[in-house]
Amino acid sequence: MKKIHFIYLLILFMSLSACREDEQIFLSDSVQVALPMVGTRIKGFYQLNEGNMGMNRASLDYFDYTTGHYTRDIFSERNPEIVKELGDVGNDIKVYGQKVYAVINVSNLIVVFDVRTARRIKEIEVPNCRYLAFWKDKAYISSYAGPVQIAPNSEVGFVAEIDTASLEVTRKVSVGYQPEEMVVHNEKLYVANSGGYRAPNYDRTVSVVDLETFKEKKKIDVAINLYRMAIDERGDIYVSSRGDYKNTPSNLYVIDSTTDEVKQCLDLPVGGMCVDGDKLYYYSVAYSMTSGGNKVTYGILDTRTKKQITDRIITDGTDEDIMIPYGIAVNPETKEIFMSDAQNYVVTGFVYCFSPEGKLKWKTEGGNIPGHFAFITESLIK
């Protein structure tokens with residue numbers, strides 16, 4: 001009887017293995033990278049790894065301040081029934097209330113999961129979704145609208161509004177071509193339009209959307225191929241342009257949110273940025289089609305004077321080890337600086353933690369193309 005039972009289990013296992021032979025299941029692993037820290041409001045952060053396009057390798061890591069442990073693939077551990085885990089290309093992650101929202105670009109999904117358990121709550125379908133913003137219990141998702149492909153005649157993009165209680169799409173508004181990051185201020189949503197699929201005929205506008213009526217009220221002419229956005233404590237909005245990778249370089253512009261006009265060009269190349277207090281931290285990986293190479297730069301900007309404080313975020317020489325900086329975040333409580341390195345976009349990347357002075361505190365492996373941080377104020381339940 002035992003022999004028959006064993007043979008049955010063996011056949012069942014082989015059948016399941018055959019059904020899933022094309023799927024790669026990733027197991028979580030944890031490593032202690034820092035000493036435990038208690039008594040802080042921020043308990044840790046989630047880190048979203050993009051993963052190579054077409055490989056379904058987007059993954060989620062978690063750093064716990066209370067234990068000092070960095071855990072890779074926490075989503076797969078907490079959601080073992082999901083075969084393809086998060087999906088294809090993780091593009092953004094943000095926390096709102098008790099939920100975490102992860103944008104999975106090529107899978108056309110917003111994956112919503114519980115902030116304390118990392119258990120999936122729901123998947124929301126939004127085509128070619130890009131970035132997130134929140135306002136008054138609503139989530140806003142920028143969307144390229146069309147498929148993932150270069151297309152001179154691609155359709156205009158839109159922003160979808162999602163009710164954070166029902167997790168249903170409630171409204172949509174058309175904006176510019178291939179919309180990217182967004183910020184909210186004074187009941188207005190600002191959307192950076194890139195037009196990246198339409199090169200060399202890039203979009204060059206920021207859409208201003210009235211959040212009560214959910215209508216586009218204005219387009220601000222800024223520069224070609226807009227990408228990142230941030231806002232400071234005075235309501236000044238920063239938007240980066242990636243240029244055309246040839247003759248027009250990357251640059252950073254400031255929009256006055258009172259007049260909704262560009263008030264300054266800062267002559268700084270910016271690929272990624274974050275604002276903490278009166279400082280804007282940024283990095284740039286400026287690719288040139290002419291040279292075929294990247295020029296990597298870093299800096300900190302005083303948001304009051306709009307002057308560069310320094311052209312160095314990392315002060316101990318560790319920047320020489322970072323091949324492709326791909327994400328940046330500053331803990332608003334400890335002022336620690338977190339950066340990710342995508343390496344060559346194929347191998348496993350790294351996550352770095354620096355002191356406020358730019359000295360390396362710890363470094364660990366992330367996933368494939370680590371790049372998006374979301375701090376949390378509640379510890380993950382074991």
Extension gain from Val38 to Met53, taking 0.36 nm per residue of separation minus the Cα-Cα distance:
1.6 nm
Amide proton proximity set for Gly68, modelled H, under 5 Å, gap of 5+:
Met37
Which of the listed residues, Pro36, Tyr144, Ile300, is farthest toward the dipole's positive end in the chain, when Lys, Arg count +1 and Asp, Glu count -1 at the beta-carbon?
Pro36
On the first, second and third principal axes, largest extent first, how far apart are the outermost C-alpha atoms of the stretch 149-290 in Å?
48, 40, 26
Residues of the stretch 199-225 with backbone N under 12 Å of the label point set 7 Å from the Cα of Ile150 along Cα→Cβ are 199-201
Helix-only [θ] at 222 nm, the chain, -39500 (n - 2.57) per DSSP H run of 4+, per residue, nearest 500, equals -2000 deg cm²/dmol
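Kindly state, to the nearest 0.05, the FRET efficiency for Asn294 paired with Glu168, given R0 = 41 Å and r defined as their beta-carbon distance. Intermediate values should be presented prior to the final figure.
Working: r = 42 Å, r/R0 = 1.01.
Calculated transfer efficiency: 0.50.
How would you order 87-94, 181-188 from highest to lowest mean count of nearby Cβ atoms within 10 Å?
Working: 87-94: 22.4, 181-188: 17.2.
The most tightly packed comes first, giving 87-94, 181-188.
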Mind listing the phi-derived Karplus ³J(HN,Hα) values for the stretch 48-61, rounded to whole Hz, using 6.51, -1.76 and 1.60 with θ = phi - 60°, and x for any glycine or proline?
9, 8, 5, x, 5, 4, x, 10, 6, 10, 4, 8, 10, 10
Given springs between every Cα pair under 10 Å in a Gaussian network model of the chain, which of Tyr197, Tyr283, Tyr177 has the largest fluctuation?
Tyr197
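How big, on average over all directions, is the shadow cast by the Cα convex hull of the chain, in nm²?
Numbers: hull surface 84.9 nm².
Hull-based average projected area comes out at 21.2 nm².
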The FRET efficiency for Arg116 and Glu233, from their Cβ-Cβ distance with R0 = 30 Å and rounded to 0.05, is 0.50
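Cut-off is 10 Å between beta-carbons; in what order do Glu216, Glu50 appear when sorted fewest neighbours first? Intermediate results must be reported in sequence, preceding the final value.
Details: Glu216 18, Glu50 28.
With the sparsest Cβ surroundings first, the list reads Glu216, Glu50.
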Links that overshoot a 25 Å alpha carbon limit, given the list Lys307/Lys335; Lys136/Lys361; Lys84/Lys361:
Lys136/Lys361; Lys84/Lys361
With unit charges on the beta carbons (Lys and Arg positive, Asp and Glu negative) and the dipole taken about the Cα centre of the stretch 253-358, which residue among Ser355, Pro325, Met289 sits farthest to the positive side?
Met289
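If contacts are Cα pairs under 8 angstrom and at least 6 residues apart, what is the relative contact order of the chain in percent?
Working: 1051 pairs, mean separation 47.3, N = 382.
It comes to 12 percent, rounded to a whole number.
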Cα axis of helix 2-19 to longest principal axis of the chain: angle in degrees, 0 to 90, nearest 10?
20
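Can you give the extra length, in nm with one decimal, that the chain gains between Lys218 and His185 once fully stretched, where that is 0.36 nm per residue apart less the Cα-Cα distance? Kindly include the intermediate steps, with their values, before the conclusion.
Values: separation 33, 0.36 × 33 = 11.88 nm, distance 1.46 nm.
This chain segment gains 10.4 nm when fully extended.
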Cα-centre dipole for the chain with unit charges at Cβ (Lys and Arg positive, Asp and Glu negative), debye to 20
360
Limiting things to C-alpha atoms, what are the Rg and the maximum Cα-Cα separation (Dmax) for the stretch 221-269, in angstroms?
10.7, 34
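Only the coordinates and a few stated rules stand behind these numbers; no lab work does. On a predicted model such as this, the values are computed, not experimentally measured, just so you know. All Cβ positions, glycine included, derive from the backbone under ideal geometry; neighbour counts span all protein chains shown.
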